[in-house]
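See structure below.
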Amino acid sequence: MILGSIEAGGTKFVCGIGNEQGEVLERISIPTKTPDETIPEVIEFFKKRKVEAIGIGTFGPIDVKKSSPTYGHVLNTPKLAWQNYPFFQTVLDELQVPTGFTTDVNAAALGEYQFGAAKGLDSCLYITVGTGIGAGAVVNGELLEGLSHPEMGHIIVRRHPDDHFEGNCPFHKDCFEGLAAGPAIEKRWGKKGIEMTDRKEVWEMEAYYIAQALVQYIMILVPERIVIGGGVAHQESIFPLVRENVKSLLNGYFTHQELNENIADYIVAPGLKDNAGLVGGLVLARHALEEEG
Ligand code: ADP
Ligand code: ZN
């Protein structure tokens, strides 16, 4: 089975070909310009390879409500050229194969659930901490969606007592993303995260925020595993700090081993490394094919 996958990001589109075992056989990267410039290149790649189905995981916000007249459109993104772009419909019209459509983080959650760090479980949550913060959750094998896809990066967190950075979310200023995404780290400390790998205070503050968010996700969704991906999570020293902060915030409320002595197996890095989104797109493609058939 030849499946296609699109991981659409703010700087690049990663397009891949793979199979139902989640193996990526070929991939290319196309710069994200305007839809008129980028999409024809994407379509050409897949047309040549005769994919049987395709899955799209994209930056958002997007309309994921199948009954909506604007299903599959990009919504009010700051990337103005993409606002109201009928992403799903364009790909479907051009390739005429079953097409799955969701957010980048939902796709990554599906990838990790099926083939990565959460393989064999019934639920998981995937969070990316990168240029922005977003998360997707799989609950009993299904992506969690309601009116929209979740927006778990924009929750409210308690401020670190030593943090005087005002926050940079254009909507909420000091929401979780406004305080803890890569650009917030850079603005607060005046340097990129990667240049501050040995600055303990930077990563303690970062872990303080990430842990609060995870505790809220745990309290509401009780996922069976949490996977943290994205550029900021390349700073591996945050993992033990996040786990310690989560345990201390939970304060023994849950008695499950996963949230106590086994927390190192509960809050983990992506099993698929930086391929979670692309592999998730293959899973989406297969789902779309199954729904059709
Ligand atoms: P995007 O979110 O655009 O898809 P990434 O997930 O790669 O991209 O995240 C980019 C952000 O991650 C940038 O703000 C960058 O400074 C930060 N970043 C990348 N590598 C590291 C690292 N090793 N340590 C800390 N921050 C990093
Ligand atoms: Zn916000």
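Would you check if there is a residue in the stretch 43-53 being in contact with a Phe, Trp or Tyr (Cβ under 8 Å, 6 or more places away or on another chain), at pLDDT 95 or above and not in a loop (DSSP other than H, G, I, E, B)?
Taking every residue of the stretch 43-53 in turn, none turns out to be in contact with a Phe, Trp or Tyr (Cβ under 8 Å, 6 or more places away or on another chain), at pLDDT 95 or above and not in a loop (DSSP other than H, G, I, E, B).
Is it the case that some residue within the stretch 205-224 is over 27 Å from residue 262 (Cβ atoms), modelled with pLDDT of 95 or more and hydrophobic (A, V, I, L, M, F, W, C)?
Looking for residues that are over 27 Å from residue 262 (Cβ atoms), modelled with pLDDT of 95 or more and hydrophobic (A, V, I, L, M, F, W, C), one finds none in the stretch 205-224, hence no.
Being more than 16 Å from residue 181 (Cα to Cα) and hydroxyl-bearing (Ser, Thr, Tyr) is the filter here, so list the residues in the stretch 200-236 that pass it.
217
Among the numbered criteria (1) among the acidic types (Asp, Glu); (2) more than 21 Å from the chain's Cα centre (by Cα); (3) surrounded by 18 or more Cβ atoms within 10 Å (Cβ to Cβ), which one does residue 36 miss?
If we test residue 36 against (1) among the acidic types (Asp, Glu); (2) more than 21 Å from the chain's Cα centre (by Cα); (3) surrounded by 18 or more Cβ atoms within 10 Å (Cβ to Cβ), just (3) comes out false.
Quick one: is residue 138 surrounded by 17 or more Cβ atoms within 10 Å (Cβ to Cβ), within 16 Å of ligand 2 (Cβ to nearest atom) and modelled with pLDDT of 95 or more?
No; evaluated as a whole, the condition is false for this residue.
Scan the stretch 106-135 for residues that are in contact with a strand residue (DSSP E or B) (Cβ under 6 Å, 6 or more places away or on another chain), surrounded by fewer than 24 Cβ atoms within 10 Å (Cβ to Cβ) and not aliphatic (A, V, I, L, M) and jot them down.
Answer for the stretch 106-135, where residues must be in contact with a strand residue (DSSP E or B) (Cβ under 6 Å, 6 or more places away or on another chain), surrounded by fewer than 24 Cβ atoms within 10 Å (Cβ to Cβ) and not aliphatic (A, V, I, L, M): just 123.
Every residue in the stretch 248-284 that is in a helix (DSSP H, G or I) and in contact with a strand residue (DSSP E or B) (Cβ under 8 Å, 6 or more places away or on another chain), please.
Across the stretch 248-284, the qualifying residues are 274, 275, 276, 277, 278, 279, 280, 281, 282, 283, 284.
Could you tell me which residue of the stretch 156-182 is surrounded by the most Cβ atoms within 10 Å (Cβ to Cβ), considering only residues that are more than 11 Å from ligand 2 (Cβ to nearest atom) and among the charged types (D, E, K, R)?
Selected residue: 159.
One line per residue, one yes/no per condition, for (1) within 16 Å of ligand 1 (Cβ to nearest atom); (2) over 17 Å from the mean Cα position of the chain (by Cα); (3) of a type outside the set (Gly, Ala, Ser):
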| residue | (1), (2), (3) |
| --- | --- |
| 9 | yes, no, no |
| 23 | no, yes, yes |
| 26 | no, yes, yes |
| 29 | yes, yes, no |
| 45 | no, yes, yes |
| 67 | no, yes, no |
| 72 | no, yes, no |
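The values are calculated or read from the model by the stated rules, or taken from the named source; none is laboratory data. Not measured: the values here are computed from a predicted model. Note that each Cβ is placed from the backbone with ideal geometry, even for glycine, and that neighbours are counted across all protein chains shown.
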